[in-house]
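What follows is a set of notes on a single structure, which appears directly below.
The values are calculated or read from the model by the stated rules, or taken from the named source; none is laboratory data. Quick caveat, the model's predicted, so the values are computed rather than measured. Quick reminder, even Gly has a Cβ in these numbers, built from the backbone with ideal geometry, and neighbours come from all protein chains shown. Ligands, DNA and RNA are stripped out before the accessible areas are found, and what is left, the full protein with its side chains, is counted by its heavy atoms. Shrake-Rupley method; radii C 1.70, N 1.55, O 1.52, S 1.80 Å.
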Amino acid sequence: RLDDGSLFPSNMALGATRNPELAYQMGFQIAKECKAIGVGQNYAPVTDVNNNSQNPIINVRSYGEDPGLVSTMADKLIKGLQDGNIIATAKHFPGHGDTDIDSHSDLPVLNFSKERLDNLELIPFKSAIKSDVMSVMIAHLSLPALDNEVNVPASLSKSIIDGLLVNELNFKGLIVTDALNMAGVVKHFSAEEVAIRCVNAGVDLILMPQGESVSISAIEQAVISGSISEERINTSVRKILNAKNWL
């Protein structure tokens, strides 16, 4: 996003070194530069497993095709960032590695079983959660095995966010959507629908909604009407304030 910071190698290049200490040092240096410009949360590292050679968007952003290697390198980069007092973010939950569609341009549909996810895509995310990663970013992917509502991406899905990430994997940190200007979402939902679905799914940080004031008004009206509880809002606010306090 910035062209005047230090230029670091891609994750795949870092993964090729098989040296987790380099990942730690890179995370720590990036944390220093984030702090210098006033950034408190880094939307990194990508913890997707690069298990599809036709993937148009993850490819060199992944540490590699081995979930063990991805876990080891991502955990060290997370530790480097957070030792440097910057919030790290594991992404793109529950795994964007095996797609041949870019979610910036359409909604990828992954027809995988829960068992397959447990044995591959979710391995680095489980590892990151055990390593105390402070935030997780949710992908714009449809996973019918986890949520069979048509065209609903993981980023708007209560069963994937609240059900899988929070309750099953016991993640207590900040939950952020992938950017909401991407076609994987805007093709199918209005800004108002996106905002309300995000809150109901368990999202704390709504990233780049297409109309901030429209989104805020939609959430406010939903609280006033009672379709979103005030306690649901307070839960996210507490998490955000705790993160700010940590920073």
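Table for the structure above
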| quantity | calculated |
| --- | --- |
| K187 vs. criteria open to solvent by 10 Å² or more (accessible area, probe 1.4 Å), at pLDDT below 95 and of a type in the set (K, R) | yes |
| Odd one out for I78 among (1) among the hydrophobic types (A, V, I, L, M, F, W, C); (2) surrounded by fewer than 23 Cβ atoms within 10 Å (Cβ to Cβ); (3) under 22 Å from A13 (Cβ atoms); (4) touching a strand residue (DSSP E or B) at 6+ places or on another chain (Cβ under 8 Å) | (2) |
| In segment 219-229, the residues that are open to solvent by less than 40 Å² (accessible area, probe 1.4 Å) and either touching a Cys at 6+ places or on another chain (Cβ under 9 Å) or part of a loop (DSSP other than H, G, I, E, B) (or both) | I219, I228 |
| Tally, over segment 1-41, of residues that are part of a loop (DSSP other than H, G, I, E, B) and closer than 27 Å to D106 by Cβ | 2 |
| Hits in segment 81-91 - residues which are open to solvent by 10 Å² or more (accessible area, probe 1.4 Å) and either basic (K, R) or at negative phi (or both) | Q82, D83, G84, K91 |
| Checklist (1) open to solvent by 50 Å² or more (accessible area, probe 1.4 Å); (2) touching a residue at least 24 places away in the same chain (Cβ under 8 Å); (3) of a type in the set (A, V, I, L, M) applied to V150, failing item | (2) |
| Output for segment 198-218, where each listed residue is among the hydrophobic types (A, V, I, L, M, F, W, C), assigned to a helix (DSSP H, G or I) and open to solvent by less than 30 Å² (accessible area, probe 1.4 Å) | C198, V199, A201, A218 |
| Residue list for segment 66-85, restricted to those being in a loop (DSSP other than H, G, I, E, B) and in contact with a Phe, Trp or Tyr (Cβ under 9 Å, 6 or more places away or on another chain) | G84, N85 |
| Single unsatisfied condition, S53 versus (1) open to solvent by 30 Å² or more (accessible area, probe 1.4 Å); (2) outside any loop (DSSP other than H, G, I, E, B) | (2) |
